[in-house]
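Step one of this worksheet: look at the structure below.
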Amino acid sequence: MSQVYFHCSTEFGILVDRGGTEVDDLTDAHDQAMQFVGSLVATPGREDWRDWILHVSDEDGEEIFLVPFSSMLRLH
């Protein structure tokens, strides 16, 4: 198992994930990232998610991959 961190950014700032999430492998990290973004964009509200990006980083702070929230907006 590994620890990954889901940091969210927009042009106005960054929300840092200080707790992290345990994942089994890269596929699990991707699946959890997609669930995380999907749950945020599906939440009723006035937030415009189009410019948000999820940065998935490892325990060393190295970025593994990105998930633009806009990629999930097409599904909702």
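Ignoring any ligand, DNA or RNA, what whole percent of the accessible area of the chain comes from carbon and sulfur when the probe is 1.4 angstrom? With neighbouring chains kept in place, the figure for the chain is 50 percent. Entry note, the chain: relative contact order of 34 percent, from Cα contacts under 8 Å with a spacing of 6+ residues. On the principal axes of its alpha carbon atoms, the stretch 9-76 extends 34, 25, 18 Å, with the longest extent given first. Using only Cα atoms, locate the centre of the stretch 1-18 and the centre of the stretch 54-69, then give the distance between them in Å, rounded to an integer. With the stretch 1-18 and the stretch 54-69 each reduced to a Cα centre, they are spaced 7 Å.
With a 1.4 Å probe and all protein chains left in place, how much accessible area per residue does the chain have, in Å²? Mind dumping the intermediate values first?
Working: 5160 Å² over 76 residues.
Roughly 68 Å² per residue, with all protein chains present.
The values are calculated or read from the model by the stated rules, or taken from the named source; none is laboratory data. Here the structure is a predicted model, which is why all the values come from computation and not from measurement. In case anyone asks, the SASA skips ligands and DNA or RNA and just uses the protein heavy atoms, side chains included. Shrake-Rupley method; radii C 1.70, N 1.55, O 1.52, S 1.80 Å.
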